[in-house]
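A quick write-up on the structure given underneath.
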Amino acid sequence: MADLPDGLVLERDRDLGGRDIDLWARRVLMSLVAIVPAIALFNIFGQRPSSHTLVEPAASMKVVAPSHLRGGLLYEARFHVIARRELKDATLVLGTGWLEGMTLNTIEPSPVSETSDNGRLSLELGHIPRGRNYLLFLQFQVNPTNVGRRTQTVELRDGESSLLAFKRTVTIFP
């Protein structure tokens, strides 16, 4: 057998003597890395939508959107408006929490008009006859640097009169 190069010790380098703790440290670290996706499978970090229904004599609205998000997540918010009386100029007003640190990818169907209402996103839905539904879908992506809690408000108006208002908190994980 050839001589060992200087600096090599068989017991340490080939047999890994004295490295029992290194093996366990690697196992623990790899287990911690595997735990994060396992927890995400149980919706701890969000994505599963929550539903909130508001009912008033003039209209009802169901808001379906996740309340726990994580950076980079693509998600959808659904607004289901049911006119219990004729709405001549229905407008949905979303607070700044819906767009802060988010990218709005699409709005379907396109509203009649979009504008800013004192810093809030105002979507004019137009005329909704009594007993009819209006279903609005918004697709978002969470910007990766957006972490923390945001207050999201939504208000349904008919012209200048407020019909429904709703406030919720969304938590954004890294």
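The values are calculated or read from the model by the stated rules, or taken from the named source; none is laboratory data. Note that this is a predicted model, so its numbers are computed, not measured. Because the Cβ atoms are built from the backbone with ideal geometry, glycine has one as well, and the counts that use them run over all protein chains shown. Surface accessibility is based on the protein's heavy atoms, side chains included, excluding ligands, DNA and RNA. Shrake-Rupley method; radii C 1.70, N 1.55, O 1.52, S 1.80 Å.
Observations, loosely collected:
- Length gained when the stretch E56-A40 is fully extended (0.36 nm per residue, less Cα-Cα span): 2.1 nm
- Label zone at T103 (point 7 Å along Cα-to-Cβ), backbone N below 14 Å, segment 116-145: 139-145
- The listed residues L41, L135 rank as L41, L135 when sorted by accessible area, largest first, using a 1.4 Å probe.
- For segment 9-81, trypsin sites (Lys or Arg not before Pro) meeting the loop criterion (DSSP other than H, G, I, E, B) and having at most 16 other Cβ atoms within 10 Å: R14, R19.
- Taking the C-alpha atoms only, the angle from helix 20-41 to the longest principal axis of the chain is near 10 degrees.
- Shape summary of segment 34-171, radius of gyration then Dmax from alpha carbon positions: 15.7, 54 Å.
- Averaging the Cα positions of each part gives two centres, and for segment 123-174 and segment 1-65 these lie 34 Å apart.
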